[in-house]
Amino acid sequence: METLLGAAAESCETISTEPNVAVFFDQVSNTFSYVVCDPQSQACAIIDSVLDFDYPSASISYSGADTIIEYIMDRDLKVEWHIETHVHADHLSAGPYLQKHLGGKLAIGEHILTVQETFSKIFNEGTDFQRNASQFDHLFKDGETYTIGKLQAKAIHTPGHTPACMAHIIGKSAFVGDTLFMPDSGTARADFPGGSAKALYQSAQKILKLSPDTKLYICHDYGGEGRELHHQTTVAEQRQHNVHVGKAVTENQFVALREKRDNSLSTPRLMIPAIQVNMRAGHFPKAQDNGMVYLKLPINSL
């Protein structure tokens with residue numbers, strides 16, 4: 001995992017009511033992870049961490065997570081939260097590994113219950129799999145406020161890509177998960193089980209109603225027209241230039257556009273292992289009687 005510090009990551013000794021943000025990039029899944037730090041207390045949250053997973057060999061490693069651990073320990077930060085903006089379909093969460101080394105609470109939106117119920121049927125999970133979100137330490141409710149040290153934060157429900165998507169507003173920054181991409185890439189897909197293009201449009205509008213100067217930190221970028229990858233935009237830029245929901249795009253127009261585009265997209269490469277792990281808060285299923293851990297491969301189901 002590459003560390004993209006730049007101007008986003010400042011010393012946590014700076015006195016400010018705004019968060020300092022360190023950016024980490026996983027090239028395999030094009031995922032941005034964030035360490036969000038309170039400058040006044042050294043408290044921080046880790047948002048959307050990535051576990052290295054090699055699909056052909058079904059092997060895991062921790063180089064990306066270790067980069068985050070090194071960053072945090074070098075600065076003597078105190079991890080309070082491991083936040084998942086949603087149940088990711090393109091990478092496996094490193095939350096439990098980071099929690100083991102750094103402490104903090106594993107958290108996600110309360111509608112993880114819907115995701116667990118949906119995918120437990122697809123993967124034919126038995127009674128060993130708890131569908132009550134007990135794998136997480138905290139479930140955020142829509143509109144819930146919380147703190148990272150002395151920083152004030154708020155979680156808002158932004159379903160559409162998945163039922164459990166949440167955006168986290170911290171100061172004048174918002175971490176939007178997959179609800180919005182960079183303006184020239186539009187929005188995330190809405191065709192996964194439990195997804196909804198209509199709900200995604202309405203969720204995007206929630207974000208676009210924030211103050212125009214709000215910084216938006218996105219979860220993925222794939223570039224476009226030869227441009228460099230970016231992890232940050234603003235509400236003003238999204239309102240003006242987002243190719244899916246910007247300017248005067250109506251809900252009906254968006255739904256037609258989104259559903260047409262989704263019909264042309266292939267299944268994410270790591271979706272099958274990622275969902276099974278991430279709906280368990282980043283934990284793998286229990287080992288079987290031979291001591292081996294297995295993931296299932298449902299045929300013609302996704």
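The values are calculated or read from the model by the stated rules, or taken from the named source; none is laboratory data. Predicted model only: the values in this text are computed from it and were never measured. Don't worry about glycine lacking a Cβ; one is built from the backbone with ideal geometry, like all the others, and counts go over all protein chains shown.
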(message) Give all pairs with beta carbons closer than 9 Å in which a residue from the range 283-296 that is farther than 14 Å from residue 96 by Cβ and charged (D, E, K, R) meets a residue that is at pLDDT below 95 and in a loop (DSSP other than H, G, I, E, B); count only pairs at least 6 apart in sequence or on separate chains.
(response) 296/123; 296/124; 296/125; 296/285
(request) Collect the residues in the range 221-233 that are more than 18 Å from the chain's Cα centre (by Cα) and either of a type in the set (Gly, Ala, Ser) or modelled with pLDDT of 95 or more (or both), keeping them in residue-number order. (result) 223, 224, 226
(request) Only residues in the range 267-279 that are surrounded by 22 or more Cβ atoms within 10 Å (Cβ to Cβ) count as the first member; pair them with residues that are among the hydroxyl-bearing types (Ser, Thr, Tyr), Cβ under 8 angstrom, at least 6 apart or cross-chain, and list the lot. (result) 277/93; 278/93; 279/120
(request) Report yes if residue 245 is at pLDDT 95 or above, out of contact with any His (no Cβ under 8 Å at 6 or more places or on another chain) and more than 30 Å from residue 46 (Cβ to Cβ), otherwise no. (result) no
(request) Please state which one of 82, 101, 138, 168 is in contact with a Pro (Cβ under 9 Å, 6 or more places away or on another chain), in contact (Cβ under 8 Å) with a residue 24 or more places away in the chain and either more than 30 Å from residue 237 (Cα to Cα) or buried (at least 18 other Cβ atoms within 10 Å of the Cβ) (or both). (result) 82
(request) Among the residues of the range 62-77, write down those that are of a type outside the set (Asp, Glu) and either closer than 13 Å to residue 96 by Cα or touching a residue at least 60 places away in the same chain (Cβ under 8 Å) (or both). (result) 62, 63, 64, 65, 67, 68, 69, 71, 75, 77
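Out of everything in the range 25-58 that is charged (D, E, K, R) and under 15 Å from residue 89 (Cβ atoms), what residue ends up being surrounded by the most Cβ atoms within 10 Å (Cβ to Cβ)? Break it down into steps so the answer makes sense when it comes.
Quick first cut of the range 25-58, residues charged (D, E, K, R) only: 26, 38, 48, 52, 54.
Adding the requirement that they be under 15 Å from residue 89 (Cβ atoms) leaves 26, 48.
Numbers: 26: 24, 48: 26.
Step by step, filter the range 25-58, then rank; the result is 48.
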(message) Against the definition (over 30 Å from residue 105 (Cβ atoms), of a type outside the set (Val, Ile, Thr) and buried (at least 16 other Cβ atoms within 10 Å of the Cβ)), how does residue 258 come out, yes or no?
(response) yes
(request) Looking only at the range 208-224, count how many residues are of a type in the set (Gly, Ala, Ser) and either loosely packed, with under 12 Cβ neighbours inside 10 Å or under 23 Å from residue 19 (Cα atoms) (or both). (result) 1
(request) Mind counting the residues in the range 175-189 that are touching a Phe, Trp or Tyr at 6+ places or on another chain (Cβ under 8 Å), farther than 14 Å from residue 109 by Cα and in contact (Cβ under 8 Å) with a residue 60 or more places away in the chain? (result) 1
(request) Filter the range 235-250 down to residues that are under 24 Å from the mean Cα position of the chain (by Cα) and either within 18 Å of residue 172 (Cβ to Cβ) or charged (D, E, K, R) (or both), then give me how many there are. (result) 5
(request) Take the range 255-271 and flag every residue that is basic (Lys, Arg) and at pLDDT 95 or above. (result) 258, 260, 261
(message) Yes or no: the range 114-134 includes at least one residue that is surrounded by fewer than 23 Cβ atoms within 10 Å (Cβ to Cβ) and either within 16 Å of the chain's Cα centre (by Cα) or closer than 23 Å to residue 261 by Cα (or both).
(response) no
(request) Quick one: count up the residues across the range 225-250 that are in contact with a Lys or Arg (Cβ under 8 Å, 6 or more places away or on another chain) and surrounded by fewer than 14 Cβ atoms within 10 Å (Cβ to Cβ). (result) 2
